[in-house]
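Down below is the structure, laid out as structure tokens.
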Amino acid sequence: MSLLESSERAFERWGHLSYAHPWKVISLMILVTAALFVGVAELRTDVSTESYLREDDPARVVYNEFRHQFGYDDDIVLIIQGDDIFSLPFLEKLRGIHADLEAELPSIDSVESLISARVTRGEGDVLIVEDLFERWPETEAELAVIKARALANPTYENLFYSKDYTSTAVRVRAAPAAGEAPQELDAELSFGEEADLSVAPKAVMLEGEELNAVVEAMYPVIERYESDDFQIAASGGPPITYAILSLMQRDMGVFTVVSNLIILTLLALMFRRFSGVFLPWVVVALPLLATFGAMGFLDLAITPSTNILPSLLLAVCVGDGVHILSVFFDKFDQGLSKEEAISFALGHSGLAVVMTSITTAGSLFSFAFADLKPLQGLGMAAPIGILFALVYAVVLLPSLIAVMPMHRRAKRSEESRTSVLDRILLGIGDFSTGRPWTVLVIWFVLVCSSLYGGSQIHFTHAPHKWFPEGHPVSTAFILGNEVFDGTLSMDVVIDSGEENGLYDPGLLKRLDELHRVGEAMDDGFVSVGNVISVVDVIKETNQALNGNDKAFYSIPESRELVAQEMLLFENAGTDDLESLVDPQFQRARMTLILPFEDSLYYIDFVKTLEETFTGILGGKAKLDITGQVVLYARTIGLMLTSTAKSYTIAILIIIPLMILLIGNVRMGLLSLIPNLAPIIMGMGLMFLLDVNLDLFTIMIGSIAIGVAVDDTIHFMHNYGRYYKQSGDSKDAVHKTLQTTGRALLITSLALSSGFFAFLFATMTHVQGFGLITGLTILTALMADLMLSPAIVVLADRFSRRGSRAR
């Protein structure tokens, strides 16, 4: 007895065993599900920018070090528009919203606006550092003096007011975690220091839920103040994170409901009986609950990637039950008992179901080796769910059949229904086996055309563009780019290498040069809107202590004078230096304000800036570039390596499994053609439909190849069975399509429809993912109905010719 035959007998014996002890099996599976589902209480969500990178990624390590030292870098930026932001009525409302934000928002470090903007001036020998509106103006003359002070400070343009004075910004910064201060980082820890990157420092920052609470408390304040002459838009990282999380939660529910409705409808159309709808749905729904529980135990967070998991598992795993029940109902309606029918069905399809589940799980497991953390999470969670579904289909389904009342359907009705599908499927099969070369030429042309189209698509990562046109978050980022030249920050940390090294006038002048060069940087895609650094404070203080003479808006010439002026500034009652330098005056922070653009553009910008700044420093200090921009650039850089790695691993996993199942090296390799062709054609569809490669669409290839292999395995498995009986390839294809074709059609429709459910998503990148994946799955179905029959017929012809030649 061959290994294949012994495996089929084993599945048949299990069918008899599970049917004989149904309640024991059902009770055991319910207990296992309940035990796993307890882990849902530990499930968390993470959609932060840094969550795309592993904890030990060098860029994330440096970013966490930076946040330990200087606190949050990612402000909430409220863009407020009016006719004249320096009019008293407008400023009254600005003062009100500033005060209410300070009073009502939890866990915030500061609220900064024109109301609290720093003014540094001298009165005789006294240095005064106060808020711009320290004393509220009562007359237009007093207001004019304050306006002049604001406009005299070059730092405030694009920071607190727009060039046309019609927009102002209120910047809200979250506070570090309670009991922790950002300045408490060990002084011996330096940026860029060679260290063990396998253990990333834990930033003492607010968790995602606490940050979201800040944003959630902000919107009622905005609603109270917003009016036609005081229009408010919320930009910055926290609002986009909050919006993504809200839409993820909304969309996950929509995806799950729509996927269930589609799958239940298709099951009803295929089986036209309650048991045919209920049974396959149960053996998918229960493992879905178990999967989310396992994610909680394994600390696998829900991310933008794993958000698709419910619909993905529902669509992918329903095929297990469909293939088994398709054979079961066929034999049951022919007169076999339920026990005999389910045992036959497991013997007929059990091995193929196991192999398809393993190949699909293996294909998705390739993401576990990705360099991006959300893909890693999907690469762990999805295979767990698929293998859970396999266990439930093989173990639980026979026992459920045993206890569920069923009635045989009239044979005539079944034949009437079957004949329609048979004519369609057999017509496709006859065309493919009768004109195999024509089929190959057609597919060759389509694949070559798709290769060209695929070469034209590019990688992208632009979370601010995920939202539909007109969404408040999307509108806010566009507005921020237009009126302030951006609201996204990138930070450069300059390390002098010694305590009080920042008192060196020579180094400070180099920092001043960095400041000027940074402000002028524009590579055609990314331009700098503003630069903020300790240089501003030093030059302001020097001017104030020299009779407020603009000629002294410069770096002092002596180290002692710098130290003295900085001491006077600190003693003036301000804490502004805390966010600009470390307590030892060894490291300085320089913040560049940039527009929100496609992260692809940040890669070259960051590289150019690093080369330019390094040259200006001339070895006098070390620098590290970090912040949200660097994380975005790092993310898109890792997309390419993650894509290549996951696709390669998926293929390496699938090839031996295909050869093992088919039992023939040549046929196993040939079977890759109908699996790879749809992936290439999917890339062509992306080009035609203007869908770029992003964090979602890079998953299409590995998902599609895992799903396509399922259909190929079922086709080849049954083709091999019937070819062994008749020795005629055309007859074997004919019988395969008669017995398995209908299940292939329904499962593929269920799969593609499950992904088409993502078209109901709010975020545009998820819509693109669902559309292309669904179309790729339908392409894979056509490859198995057309290309696979053509290949096996031609392979049989060449094999016979070779045998005659010998």
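Checking each residue in segment 259-272 for being open to solvent by 40 Å² or more (accessible area, probe 1.4 Å) and out of contact with any Gly (no Cβ under 8 Å at 6 or more places or on another chain) picks out Leu261, Leu264, Thr265, Leu269, Arg272.
Considering Pro383, Pro398, Pro374, Pro436, which residue is surrounded by 17 or more Cβ atoms within 10 Å (Cβ to Cβ) and free of Cβ contacts under 8 Å to residues at least 24 places away in the same chain?
Pro383
So which residues in segment 219-238 are in a helix (DSSP H, G or I) and crowded, with 22+ Cβ neighbours inside 10 Å, if there are any at all? Let's see the steps before the verdict.
Keep residues of segment 219-238 that are in a helix (DSSP H, G or I), which gives 219-225, 237-238.
Residues satisfying the conditions are Gly237, Pro238.
Table: residues versus (1) buried (at least 19 other Cβ atoms within 10 Å of the Cβ); (2) closer than 26 Å to Thr168 by Cα; (3) touching a residue at least 24 places away in the same chain (Cβ under 8 Å); (4) of a type in the set (S, T, N, Q).
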position	(1), (2), (3), (4)
Phe467	yes, yes, yes, no
His471	no, yes, yes, no
Thr487	yes, yes, yes, yes
Val492	yes, yes, yes, no
Ser496	yes, no, yes, yes
Glu499	no, no, yes, no
Leu502	yes, no, yes, no
Pro505	no, no, yes, no
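Applying the criterion of at least 3 residues that are under 23 Å from Ala780 (Cα atoms) and modelled with pLDDT of 85 or more to the helices (runs of 4 or more DSSP H) found wholly in segment 408-516 leaves 411-434, 436-455.
Scanning segment 541-584 for residues that are crowded, with 21+ Cβ neighbours inside 10 Å, closer than 14 Å to Asn153 by Cα and under 47 Å from the mean Cα position of the chain (by Cα) gives a single hit, Thr541. Considering segment 32-89, and only residues there that are of a type in the set (Phe, Trp, Tyr) and touching a Pro at 6+ places or on another chain (Cβ under 8 Å), the residue that is surrounded by the most Cβ atoms within 10 Å (Cβ to Cβ) turns out to be Tyr52. Annotation: of all residues in segment 1-52 being small (Gly, Ala, Ser) and in contact with a Ser or Thr (Cβ under 9 Å, 6 or more places away or on another chain), the one that is nearest to Leu396 (Cα to Cα) is Ser18. The set of residues in segment 680-700 that are of a type outside the set (Gly, Ala, Ser), part of a helix (DSSP H, G or I), buried (at least 17 other Cβ atoms within 10 Å of the Cβ) and at pLDDT 85 or above comprises Ile680, Met681, Met683, Leu685, Met686, Phe687. Can you find even one residue in segment 133-149 that is acidic (Asp, Glu), touching a residue at least 12 places away in the same chain (Cβ under 8 Å) and part of a strand (DSSP E or B)? No, because not a single residue in segment 133-149 is acidic (Asp, Glu), touching a residue at least 12 places away in the same chain (Cβ under 8 Å) and part of a strand (DSSP E or B).
Among the numbered conditions (1) basic (Lys, Arg); (2) in contact with a strand residue (DSSP E or B) (Cβ under 6 Å, 6 or more places away or on another chain); (3) surrounded by 17 or more Cβ atoms within 10 Å (Cβ to Cβ); (4) more than 30 Å from Glu216 (Cβ to Cβ), the only one that Lys147 does not meet is (2).
Considering only residues that are touching a residue at least 60 places away in the same chain (Cβ under 8 Å) and not in a loop (DSSP other than H, G, I, E, B), look in segment 107-121 and name the one that is most open to solvent (accessible area, probe 1.4 Å).
Looking only at segment 107-121, we keep the residues that are touching a residue at least 60 places away in the same chain (Cβ under 8 Å), and these are 107-112, 118, 120-121.
Among the residues that remain, those that are also not in a loop (DSSP other than H, G, I, E, B) are: 108-112, 118, 120-121.
Values: Ile108: 37, Asp109: 96, Ser110: 28, Val111: 9, Glu112: 78, Arg118: 42, Thr120: 24, Arg121: 35 Å².
It comes out as Asp109.
Residue pairs whose Cβ atoms lie under 7 Å apart, separated by 6 or more positions or on different chains, with the first residue in segment 22-49 and within 15 Å of Val403 (Cα to Cα) and part of a helix (DSSP H, G or I) and the second modelled with pLDDT of 90 or more and small (Gly, Ala, Ser), are Pro22/Ser399; Pro22/Ala402; Val25/Ser18; Val25/Ser399; Ile26/Ser399.
Is there a residue in segment 664-679 that is open to solvent by less than 10 Å² (accessible area, probe 1.4 Å), under 22 Å from Gly379 (Cβ atoms) and touching a residue at least 12 places away in the same chain (Cβ under 8 Å)? Looking for residues that are open to solvent by less than 10 Å² (accessible area, probe 1.4 Å), under 22 Å from Gly379 (Cβ atoms) and touching a residue at least 12 places away in the same chain (Cβ under 8 Å), one finds at least one in segment 664-679, hence yes. For segment 150-175, a tally of residues being assigned to a strand (DSSP E or B) and of a type outside the set (S, T, N, Q) returns 8.
The values are calculated or read from the model by the stated rules, or taken from the named source; none is laboratory data. Since the model is a prediction, treat every value here as computed from it, not as a measurement. With ideal geometry, Cβ positions are generated from the backbone for all residues, glycine too; neighbour counts draw on all protein chains shown. Only protein heavy atoms, including side chains, enter the accessible area calculation; ligands, DNA and RNA are left aside. Shrake-Rupley method; radii C 1.70, N 1.55, O 1.52, S 1.80 Å.
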